[in-house]
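The values are calculated or read from the model by the stated rules, or taken from the named source; none is laboratory data. Because the structure is a prediction, the values reported are computed rather than measured. Cβ: placed from backbone, ideal geometry, glycine included. Neighbour counts: every protein chain shown.
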């Protein structure tokens, strides 16, 4: 889903909020399915814990580059 920014006000649109929440839910579920702790993910990706916690709660967004690094890391993990 491509997010669109409200160009007039610069605020987060409802579509962006929904996309962030969905991404956060998926990230948390996949991380847990693969047996990866929040601490391990943050150390391996190089971002601080508060950022990932915010992402998993749907309160923060990541750059496409960080999303790609997370995706690649989680794909290499075995599902327990």
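For every residue, the table says whether it meets (1) at pLDDT 95 or above; (2) farther than 23 Å from residue 14 by Cα; (3) buried (at least 16 other Cβ atoms within 10 Å of the Cβ); (4) under 14 Å from the mean Cα position of the chain (by Cα).
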position	(1), (2), (3), (4)
33	no, yes, no, no
41	yes, yes, yes, yes
45	no, yes, yes, yes
53	yes, no, no, yes
57	yes, no, no, yes
61	no, no, yes, yes
72	no, yes, no, yes
75	no, yes, no, no
79	no, yes, no, no
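Among the residues examined, residue 21 does not qualify as modelled with pLDDT of 95 or more, closer than 20 Å to residue 75 by Cβ, assigned to a helix (DSSP H, G or I) and out of contact with any strand residue (DSSP E or B) (no Cβ under 9 Å at 6 or more places or on another chain). Evaluating residue 5 against the criteria (1) at pLDDT below 95; (2) assigned to a helix (DSSP H, G or I); (3) surrounded by 11 or more Cβ atoms within 10 Å (Cβ to Cβ) leaves one unmet condition, (2).
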